[in-house]
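What follows is a short report on a single structure.
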Amino acid sequence: MDGDGQRRDLAEQYDRYGAMLYRMGLVMLCSREDAEDAVQETFCAYLKHPPQFADSEHEKAWFLRVMANKCHDMRRSLFWKRRADWDGVDLTEETEEEIGLLEELLRLPPKYKSVIHLHYIEGYKIAEIAELLGRKESTVKVQLHRGRELLRLGLEERRCEE
């Protein structure tokens, strides 16, 4: 593929998946800048070694898996471990209920955030999430259950404080 064709292909992929990957990064990393960096790293990986996709679902799954791996790598880095807490993340949703839910979602441990995001926001089934993240289906089910429970408890605690 020539340079112009590669740029057009990258622009199409970014238009198709950029916002979805950014939302995933924002949920997993709790930082706009880190989410943007992870999206950029994901597209760099695509440019370095463009895979052959069987269909559009395979393509979408590849982007989500690479993004999840980039977020995981960033969270494991020494730099990340030395960072301050993310209590001051700026959320710009419209309603108080949405803000409360997003704040509680951002407080979840990463393993719960990723499965909840993929299931409820991106619409993936448990088997698909397990394949994307390289986990067993039973693990994903447990993580969804525990993540929902933590969200519920956090929201109830929030209501009691109000």
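Each value in this text was obtained by applying a stated rule to the coordinates, not by laboratory testing. All figures in this text were calculated on a predicted structure; none of them were measured in a lab. FYI the Cβ positions are ideal-geometry reconstructions off the backbone, even for glycines, and counts take in every protein chain you see.
Here are some notes:
- Comparing Cα centroids, region 36-52 and region 98-162 end up 26 angstrom apart.
- The label point for residue 127 and the one for residue 14, both projected 7 Å from the Cα toward the Cβ, are 3.6 nm apart.
- In summary, the lysines within cross-link reach of residue 111, defined as a Cα separation below 21 angstrom excluding same-chain residues under 8 places away, comprise 60, 70, 81, 125, 136, 141.
- At full extension, residue 155 and residue 44 could sit 36.2 nm farther apart than now, given 0.36 nm per residue minus the alpha carbon distance.
- Rule-of-thumb Rg ratio for region 102-162 [Cα; 2.2 N^0.38 Å; N residues]: 1.16
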